Amino acid sequence: MPYLNLDESLKRSSLGIDYSTSIDDPGMAESREIQEIDPDRPALTEVPGRVLLVEPAAHERSWLRNELLAGRMEVSEATDLITAQRAVAMFQPNLILAQLRLPTYSGLELVRRLKRDSTTQSIPVLLYTDLATAEERIQALELGASDLISRPFVAAEVLARLRAALRIRHLLTILEQRAHLDSLTGLANRGVFDDRLPREWEACRRRRTALAVMIADLDHFKAVNDSHGHAAGDTVLRQSAATLARVIRTSDFVARYGGEEFVVVAPDCEISAAVRLAERFRTAIEQLRIDEHGDTIPVTTSVGVASFADLTRTGPAELLRRADEALYRAKEAGRNATWFWEQTQSSPAPAVPSSDTEP
Ligand code: GH3
Ligand code: MG
Ligand code: MG
């Protein structure tokens, strides 16, 4: 049965998408990963628990481990803050159950460190101890611990609290991911693009490589809705998005920019490669065959691309403005065309139509 891979989600930080690592590891296409999340499956109680148990006393650890295993949790163990941090990296738990009173550094310090790190901050941490003071309880919650349980407790209560924390984390992950997702096409939405473009700009500026932006706008799309209905229009949008996701490189980022507009951010991409990408998309759209009640809906797109090689002189807004201006010129010149605007050009120019289909 497919289920939410919480480990994968948590690796992507509390926001579900870890932009800092995705820039260095641009093979990540979060829009496609996001679609794998199915909020209705499994029943929330079935989300698998991978618990890191942090307890210095061997007999306590052994008792809790057996109870967790009996509660069908996967368990890894640590005895103090240092071994716990190591285990977090190795085992990648989706829950941590830790004794408040650890040798050298306390459980509070463990919480502080985990919450400071974007790769671990979304892991729920439940602390427990014999007699927590009110001050400790307050501090634990303020640092971001999910709970501070006082002993004596029965194992069933600990398991119930762990499952509750897991359920909340699961729901938060879904909400975080949905907030980044265009629900019609499954692509990243405009908000993600707005965050992503300046980050890719910075990454390419540091590497001294070119950055390209492509904006595509379907031609006469209003007429598609008017002639074939809104549902058929939606199908065209979904298929266009899938086509675009297929023709880009894994290092490129794609989003739905607006109604019938899509945008691609292509790092390390000079103008000639950007134009080839645009032409691959334009020709793939031209060749789409979407049938509606026996009619084939004609679909074409106009595309504007811009690529800057020197990112020290200006900013991402200028790059976007040029891609948009190039798109405008493609529309003005009759549509179903790619126009481009390189940094050194004084105005946009039309691309020679290409039949290159290799990504
Ligand atoms: P142009 O070639 O100049 O781009 O013409 P156009 O008709 O594509 O552009 P216009 O901006 O006039 O119309 C865009 C249309 O896209 C109007 C709007 O109803 C439609 N649209 C926007 N979002 C959606 C959507 O989610 N689903 C559907 N079916 N239509 C949408
Ligand atoms: Mg438009
Ligand atoms: Mg349009």
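Would you mind finding the one in Ala210, Ala216, Ala203 that is in contact (Cβ under 8 Å) with a residue 40 or more places away in the chain and within 16 Å of ligand 1 (Cβ to nearest atom)? Break it down into steps so the answer makes sense when it comes.
Values: Ala210 fails: within 16 Å of ligand 1 (Cβ to nearest atom); Ala203 fails: within 16 Å of ligand 1 (Cβ to nearest atom).
Criteria check complete, one pass: Ala216.
Give Arg178, Arg113, Arg169 a once-over and let me know the one that is at pLDDT below 95 and out of contact with any Pro (no Cβ under 6 Å at 6 or more places or on another chain). I'd like the intermediate steps shown before the answer.
Working: Arg113 fails: at pLDDT below 95; Arg169 fails: out of contact with any Pro (no Cβ under 6 Å at 6 or more places or on another chain).
After applying the criteria, what remains is Arg178.
So in the stretch 335-352, with the set limited to residues that are more than 16 Å from ligand 2 (Cβ to nearest atom), over 14 Å from Glu318 (Cα atoms) and in a loop (DSSP other than H, G, I, E, B), which one is modelled with the lowest pLDDT?
By that ranking, first place goes to Val352.
Going by the structure shown, is Ala223 among the aliphatic types (A, V, I, L, M), surrounded by 19 or more Cβ atoms within 10 Å (Cβ to Cβ) and either within 16 Å of ligand 3 (Cβ to nearest atom) or within 23 Å of Glu332 (Cβ to Cβ) (or both)?
No: the conditions fail for Ala223.
Checking Asp268 against (1) touching a helix residue (DSSP H, G or I) at 6+ places or on another chain (Cβ under 8 Å); (2) at negative phi, which single condition isn't satisfied?
Looking at each condition in turn, Asp268 falls short on (2).
The values are calculated or read from the model by the stated rules, or taken from the named source; none is laboratory data. Keep in mind that what you see is a predicted model, and the values were worked out from it rather than measured. We place every Cβ from the backbone using ideal geometry, glycine too, and count neighbours over all the protein chains shown.
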